[in-house]
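The values are calculated or read from the model by the stated rules, or taken from the named source; none is laboratory data. These numbers come from a predicted model, not from an experiment. Using ideal geometry, Cβ is built from the backbone for each residue, glycine included, and neighbour counts are taken over all protein chains shown. Surface areas here come from the heavy atoms of the whole protein model, side chains and all, with no ligands, DNA or RNA. Shrake-Rupley method; radii C 1.70, N 1.55, O 1.52, S 1.80 Å.
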Amino acid sequence: MCGIAGLMNSVPSMPVNRQLLQSMSDSLIHRGPDGSGTWVDDGVGLVHRRLAVLDEEGGKQPMRSRDGQVVLTYNGEIYNFKDLRNRLSEHGYNFQTRSDTEVLLAAYLHWGRDCVDHIWGMFAFAIWDGRSKCLFAARDRIGIKPFYWTIDSAGRFVFASEMKALTLNADLKRELRSDAVEDYLALGYVPDPKTILHGVHKLAPGHTLEIRKGEKYPHISRYWSVKIEPKVSRLESQNYFMEQLEGAVSLRMVADVPVGALLSGGLDSSAIVAMMSRMASQPVETCTIVSEEGTADESGYAALVSDFFGTRHRLRFASEKDAPFLDMVPSLFDEPFADNSALPTYKVSALAREKVTVALSGDGADELFGGYARYRMHLAEQEIRAL
């Protein structure tokens, strides 16, 4: 996890507010404790907070092209960067680092805005292209990595990985958005592209953003959406799923830092640990969080999985003693967020960080495979209506 932020002045002659840039960078230090960088030129400023995963020495950001005209600040991982590196090398690109950052920059230089059609991964990035005086940004297909943006009262375009960085700007009005409050009360969160504040927006998953010098508002377009494939047999779907899962886990284990897994004992995290154990040259680091009250305790299942695959497993408890953590929630999430998993997720992440830098988890499996009771109820309703 890294942190990105930046701004573009509406008036080219206006000096960049370096103090604001530094304040935004400082507010994101928890996203990138391994280093920071700042680039300023031509009324544009970009900052980066780094959590080093690949090429710890060579992947420093913001990263510039050889001629200095194109500058990138990027949060995420490009999982197919090795394949892209080979393809781009055939087109004459010479790489100086082993980082996926340099590959992403080269992909933009080669394909322009269409680079998003060639990259697989989780990402949010912004590229200043001095040749066209344009800021180009993109967010990954599912929206794993965040991207907030606004046009402040001074006419500046300002963006960041977290909304807390934007609220440091004195030229940003802090007014609650009433329809966003209604969304939160109905859904438990504020959906894209809204935020809880007027004038602050999320770049939606699978979308790009472009804004040129002198333009008042950015142009936003969708580059990807879910495709509904024709129905296939159960056996075909099972084989396809296993191929995809194995490939996905393999790509996510590519790192120059320790990699582990969050193991709940459920099907999703257990399947990921099984795949990791097959691929890893040493026992996988796994960890579990459990309630001291004994409610919804799945640690026994996690222990069974750990024993079977020979992982190095650790366990930590969550209890009422962790109540002071609730005071941290507003600063962590920036917006109202009605999910009581925040505490155990925070604790299991802290436990994982003691041993590893990257931890794989089973997030999203319930949505893909109907793991919650409400999905089964919805399916039952559809079946009844079909009778």
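Among the residues examined, SER306 qualifies as more than 30 Å from GLY143 (Cα to Cα) and buried (at least 17 other Cβ atoms within 10 Å of the Cβ). Within the range 76-87, identify whether any single residue is modelled with pLDDT of 95 or more and more than 22 Å from ALA138 (Cβ to Cβ), and answer yes or no. Scanning the range 76-87 turns up at least one residue that is modelled with pLDDT of 95 or more and more than 22 Å from ALA138 (Cβ to Cβ). Run VAL290 past the list (1) assigned to a helix (DSSP H, G or I); (2) open to solvent by less than 40 Å² (accessible area, probe 1.4 Å); (3) among the aliphatic types (A, V, I, L, M) and report the number of the one that doesn't hold. Among (1) assigned to a helix (DSSP H, G or I); (2) open to solvent by less than 40 Å² (accessible area, probe 1.4 Å); (3) among the aliphatic types (A, V, I, L, M), the lone unmet condition for VAL290 is (1). Restricted to the range 147-258, the set of helices (runs of 4 or more DSSP H) holding at least 3 residues that are open to solvent by 30 Å² or more (accessible area, probe 1.4 Å) comprises 178-187, 234-252. Take the conditions (1) closer than 30 Å to GLN238 by Cα; (2) in contact with a strand residue (DSSP E or B) (Cβ under 9 Å, 6 or more places away or on another chain); GLY300 misses just one of them, which is (2). Looking only at the range 308-322, decide whether some residue is in contact (Cβ under 8 Å) with a residue 40 or more places away in the chain and in a helix (DSSP H, G or I). Within the range 308-322, none of the residues are in contact (Cβ under 8 Å) with a residue 40 or more places away in the chain and in a helix (DSSP H, G or I).
Let's see how each residue does on (1) touching a helix residue (DSSP H, G or I) at 6+ places or on another chain (Cβ under 8 Å); (2) over 27 Å from ILE119 (Cα atoms); (3) not acidic (Asp, Glu):
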{"residue": "TYR184", "(1), (2), (3)": "no, yes, yes"}
{"residue": "PRO191", "(1), (2), (3)": "yes, no, yes"}
{"residue": "ILE196", "(1), (2), (3)": "yes, yes, yes"}
{"residue": "ALA204", "(1), (2), (3)": "no, no, yes"}
{"residue": "LEU209", "(1), (2), (3)": "no, no, yes"}
{"residue": "GLY214", "(1), (2), (3)": "no, yes, yes"}
{"residue": "TYR217", "(1), (2), (3)": "no, no, yes"}
{"residue": "LYS227", "(1), (2), (3)": "no, no, yes"}
{"residue": "LEU235", "(1), (2), (3)": "no, yes, yes"}
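Against the conditions (1) in contact with a Lys or Arg (Cβ under 9 Å, 6 or more places away or on another chain); (2) more than 23 Å from THR167 (Cα to Cα); (3) crowded, with 20+ Cβ neighbours inside 10 Å, GLY3 satisfies every one except (2). Evaluating ARG141 against the criteria (1) part of a loop (DSSP other than H, G, I, E, B); (2) touching a His at 6+ places or on another chain (Cβ under 7 Å) leaves one unmet condition, (2). Against the numbered list (1) in contact (Cβ under 8 Å) with a residue 60 or more places away in the chain; (2) over 28 Å from PRO205 (Cβ atoms); (3) small (Gly, Ala, Ser), GLY76 comes up short only at (2).
Selection over the range 314-370 of residues that are open to solvent by 40 Å² or more (accessible area, probe 1.4 Å), over 20 Å from the mean Cα position of the chain (by Cα) and under 20 Å from SER27 (Cα atoms) gives a count of 3.
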